[in-house]
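To start, the structure under review is shown below, and the notes come after it.
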Amino acid sequence: MIEAVGMRPALFEQIERAEAASRRWFRAKFALVWVVIMAALFAAFAATDNLDADFVTEWSPYILGGAGITVLVSVLSIALATVLALIGAIGRLSRRAVPYGVASFYVSLVRGTPLLVQIYIIFFSLPQISPLLILPAIAGGVLALGFNYGAYMTEIFRAGIQAVPRGQTEAARALGMPENLIFRRIVLPQAIRIVTPAIGNDFISMIKDSALVSTIGVQEVLWRAENAGRPTLHTLEAFIIAGLVYWGLTIVFSFVQERLEKRMARGDR
Amino acid sequence: MTGPMEPASHISHPVTAAHLGPPMVRAEGIEKYFGRNHVLRGMDLEVQTREAVMLIGRSGSGKTTFLRCVNFLEEPSAGSIEIDGVRVVADPLHARSREHLEQIRQIRIRSGMVFQEFNLFPHMSVLQNLIEAPTKILKVPRAEAVERAEAYLGKVGLAEKRDEYPARLSGGQKQRVAIARALCMEPKVLLFDEPTSALDPELIGEVLHVMEDLAHEGATMIVVTHELHFAREAADRVIFLEEGRIIEEGPPEKMLDNPDDDRTRGFLRRFLTSPKASAS
């Protein structure tokens, strides 16, 4: 088959060209599907003749302006949640009954009750105990969201810490490092690497769940949509705009997260 | 006391009476149970300064468990360990008490361990791996720790890998870094737990070569190994274990060529005909 050997480079090129063409074709069809669905949805809404273009142009900037508050609340809440989750995870991994008990109680209570109920209790009910517990809306919202996500993330952190190979701790022990130093210098940095993608995911769902704090008057995206849409009887436009803002935010942060993960993977691992 | 890395003025090989001061390592009556499984049944071992002792035996004979008892990575069920004058009595009932852990730490600071799986810290560069414990535990000034780290890296032939991360090293290079990391604490005794068992065959030689140099320079070491050829070259004493007991011990030539005990002979015969079967 001497001929076949000579043919090879040409054959490879042919195969590569075919594969590249099929990839391009896939991407084109993919984009087309999205465009068609969006156009169909838009046409359907427009056909009802209920969409008010003036309302959209007038109020879109106002609703979009809530994105800043949405992101601010989400960032503060995820920061609080991360701190609580770290403490919670240390408790859940403790051999001592008290920290283990406290952390388990926290996780059980938070996971067993609706987020909306937690928001209401923190914002509306605590002031009944003492006027000192009256919180500004943003503080109350951040507290509730952070407290709630902290419990879910406690389990993520616990799993992340446990995922650091046992040999790491043993090697550090063999070097004479005390346990607290081993945790801080050896286990925690590796655990953080392991859980970073999960924190990113939680941040993205936090952006969506933060809509719930509109109920206590935090003037974020959904609150503004309600404020603009309800009195003018344009809730259809208002809530569609709000939905698109959340969608846009999650797309942006998913992209950021993807880049971040790639950078970490490329790093020194 | 002389550290293991003090340049040797002479080959230390035979342990003569002149060397016999107090032993550097003394394990007495070490027992270990895992649940009801009696793994170590009264191990006594003394290792002299500058002596290289190799533990051989089938998997499951207790040699790795014994080594891990020496620096209390496993708490012995009974017995005591003394390294460089620091003696710790096994206390399985209070294994996590503050005083006991602090005593154990004194033992660990005086011993260096090299693991089968290397266990380098992946989030630290080679240099950071080497200076972490000296700066944090021994409070060696950073500049001095770096200098020391570079010297030991050079010694294991990896000076140029100083700023690499472990993920970018081959298995043999990782293990040599792990040896350098142990040396940076300037321990009184080095413990090797099957240091070549996780390596590809073509990488074993570079690690054994480093260990052989250490032995010939007079490092005090206890090595669990399946590399009998290496034991012959580098050991001062070979110890054969079975069922958690020392069956027989002696100089390598005697132990490997002409042991007295039938069980040692049986092990060597099986090992030499199918080394893989025993090494697994």
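If only residues of the range B:174-224 that are outside any helix (DSSP H, G or I) and acidic (Asp, Glu) are counted, the one that is farthest from the other protein chains (Cβ to nearest Cβ) is B:Glu217.
Conditions (1) under 15 Å from B:Glu117 (Cα atoms); (2) in the same structural domain as B:Gln128 (by TED's automatic domain parsing); (3) of a type in the set (Asp, Glu), marked per residue:
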| residue | (1), (2), (3) |
| --- | --- |
| B:Pro166 | yes, yes, no |
| B:Leu214 | no, no, no |
| B:Asp236 | no, no, yes |
| B:Phe240 | no, no, no |
| B:Ile246 | no, no, no |
| B:Glu249 | no, no, yes |
| B:Pro252 | no, no, no |
| B:Asp262 | no, no, yes |
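Candidates A:Thr113, A:Thr154: the one that is out of contact with any His (no Cβ under 8 Å at 6 or more places or on another chain), in a loop (DSSP other than H, G, I, E, B) and either more than 13 Å from every other protein chain (Cβ to nearest Cβ) or farther than 29 Å from A:Gly68 by Cβ (or both) is A:Thr113. Inside the range A:181-234, residues that are of a type in the set (Lys, Arg) and more than 22 Å from the chain's Cα centre (by Cα) make up a count of 3. Looking across the range B:152-173, the residues that are aliphatic (A, V, I, L, M) and more than 14 Å from every other protein chain (Cβ to nearest Cβ) come down to B:Leu153, B:Val156, B:Leu158, B:Ala159. Pick from the range B:59-73 the residues that are assigned to a loop (DSSP other than H, G, I, E, B) and buried (at least 20 other Cβ atoms within 10 Å of the Cβ): which of them is farthest from the other protein chains (Cβ to nearest Cβ)? Step by step, filter the range B:59-73, then rank; the result is B:Ser61. Suppose the filter is at the interface with chain A (Cβ under 8 Å from one of its Cβ atoms), outside any loop (DSSP other than H, G, I, E, B), at pLDDT 95 or above and surrounded by 17 or more Cβ atoms within 10 Å (Cβ to Cβ); does B:Arg148 pass it? When the stated conditions are applied, B:Arg148 does not pass them. Would you check which residues across the range B:103-143 are within 23 Å of B:Ala159 (Cα to Cα), of a type in the set (D, E, K, R) and facing another protein chain (nearest Cβ under 8 Å) and list them? Result: B:Glu117, B:Glu132, B:Lys136.
The values are calculated or read from the model by the stated rules, or taken from the named source; none is laboratory data. For clarity, every value in this text was computed on a predicted model and none was experimentally measured. We place every Cβ from the backbone using ideal geometry, glycine too, and count neighbours over all the protein chains shown.
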